[in-house]
Each structure stands twice: as C-alpha cells, then as structure tokens.
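Trainee: Before I ask anything, let me first share the structure, which is written out below as structure tokens.
The values are calculated or read from the model by the stated rules, or taken from the named source; none is laboratory data. Keep in mind that this is a model prediction, so the values were computed, not measured. Every residue, glycine as well, gets a Cβ built from its backbone with ideal geometry; the counts of neighbours run over all protein chains shown.
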Amino acid sequence: GDRAWIDTNGNGIQDMGENGLPYIPIMLHGLGPDGVEGTSDDANITTWTNWDGSYSLTGMTAGETYWFSFPAVVSSNGSYYGPTLFNQGGDLSLDSDIDPATLRSPLFILNAGAHITDLDFGFAPG
C-alpha cells in the first residue's frame with residue numbers, strides 16, 4: 001500500500017503540504033490462480049484509507065496478478081474528488097498510479113516476501 005492524497009494543484013505528483021485523502025474506498029482485484037479476469041477464482045477486497053490517507057492490505061497471494069480500482073468520484077468529509085494526472089514526473093513513489101481513463105492502477109505481480117509500498121493515488125478537487 002501507500003497513500004491516497006488530495007492533489008490540490010492537479011499536477012499528479014504528491015507535493016509538500018498536500019494532505020492525505022481520508023476514509024475513501026480502495027478496491028483490490030486479483031486474477032486468481034487461472035490468471036483470467038472475470039472468473040470464479042478472482043479476488044476482490046475493499047479497504048478504506050486511514051485518517052491520513054494511508055492504506056495497507058494483507059492476505060494477498062504471492063505470484064498472482066493484482067490491480068486497484070476506484071469509483072469515478074470519491075467523497076471525503078463532504079467534498080468530492082476525481083482522479084488526477086497519471087504517471088507524472090520522474091519519481092514513481094510520488095506520482096499518482098490511477099489511470100483517469102480506466103479508474104484502475106497498472107497490473108502488478110506480488111512476488112513472495114515482497115512489500116509494495118509505492119502505489120499512490122491522487123485525487124483533485126472537483
């Protein structure tokens with residue numbers, strides 16, 4: 001996991017002073033052992049960001065393919081946000097990893113013993 005944040009300037013990069021986006025749903029999808037989307041062995045897990053926008057998930061299966069998805073608009077504390085720019089800048093740990101066109105993150109494979117901590121999701125006020 002890592003963090004969902006409010007991209008106040010809409011540049012797709014976590015800048016100093018941009019706050020986390022609290023209490024929004026993050027949906028994890030897995031292709032399951034057969035590697036095919038839409039079959040009965042797929043995994044679907046929903047979690048929520050914490051008060052500071054951070055999130056983490058456990059219980060994923062090593063070697064399987066996963067991605068995250070999001071609603072088109074998220075609401076936090078009465079304000080609405082949509083996905084910001086995707087894959088901006090040179091620092092992959094600070095950019096947004098949600099494609100506004102698909103509302104999905106890129107596919108990733110969880111290797112045994114791995115901890116993925118660079119999937120961040122930026123949302124701009126809208």
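Trainee: Among (1) farther than 18 Å from Asp7 by Cβ; (2) surrounded by 12 or more Cβ atoms within 10 Å (Cβ to Cβ); (3) modelled with pLDDT of 90 or more, which single condition is Asn44 missing?
Mentor: Unmet condition: (2).
Trainee: Something else now. Among (1) in contact (Cβ under 8 Å) with a residue 40 or more places away in the chain; (2) on the phi > 0 side of the Ramachandran plot; (3) in contact with a strand residue (DSSP E or B) (Cβ under 7 Å, 6 or more places away or on another chain), there is one condition Thr84 misses while meeting the rest; what is its number?
Mentor: Thr84 satisfies all of (1) in contact (Cβ under 8 Å) with a residue 40 or more places away in the chain; (2) on the phi > 0 side of the Ramachandran plot; (3) in contact with a strand residue (DSSP E or B) (Cβ under 7 Å, 6 or more places away or on another chain) except (2).
Trainee: Residues to consider are Phe108, Phe70, Phe121; find the one that is closer than 21 Å to Asn9 by Cβ, modelled with pLDDT of 90 or more and among the hydrophobic types (A, V, I, L, M, F, W, C). First the steps, then the outcome.
Mentor: Numbers: Phe108 fails: closer than 21 Å to Asn9 by Cβ; Phe70 fails: modelled with pLDDT of 90 or more.
When all the criteria are applied, what remains is Phe121.
Trainee: Being closer than 17 Å to Asp2 by Cα, surrounded by 15 or more Cβ atoms within 10 Å (Cβ to Cβ) and in contact (Cβ under 8 Å) with a residue 24 or more places away in the chain narrows it down to one residue among Ser96, Ser56, Ser76; which is it? Can you show your working first?
Mentor: Values: Ser56 fails: surrounded by 15 or more Cβ atoms within 10 Å (Cβ to Cβ); Ser76 fails: closer than 17 Å to Asp2 by Cα.
Every option except Ser96 fails the conditions.
Trainee: Take residues that are of a type outside the set (Ser, Thr, Tyr), farther than 16 Å from Gly126 by Cα and touching a His at 6+ places or on another chain (Cβ under 9 Å) and tell me which of the strands (runs of 3 or more DSSP E) falling wholly in segment 1-79 contain 2 or more. Write out each step before concluding.
Mentor: Working: elements: 4-6, 25-30, 43-48, 65-69, 74-76.
Where strands (runs of 3 or more DSSP E) fall fully within segment 1-79 and carry at least 2 residues being of a type outside the set (Ser, Thr, Tyr), farther than 16 Å from Gly126 by Cα and touching a His at 6+ places or on another chain (Cβ under 9 Å), they are 43-48, 65-69.
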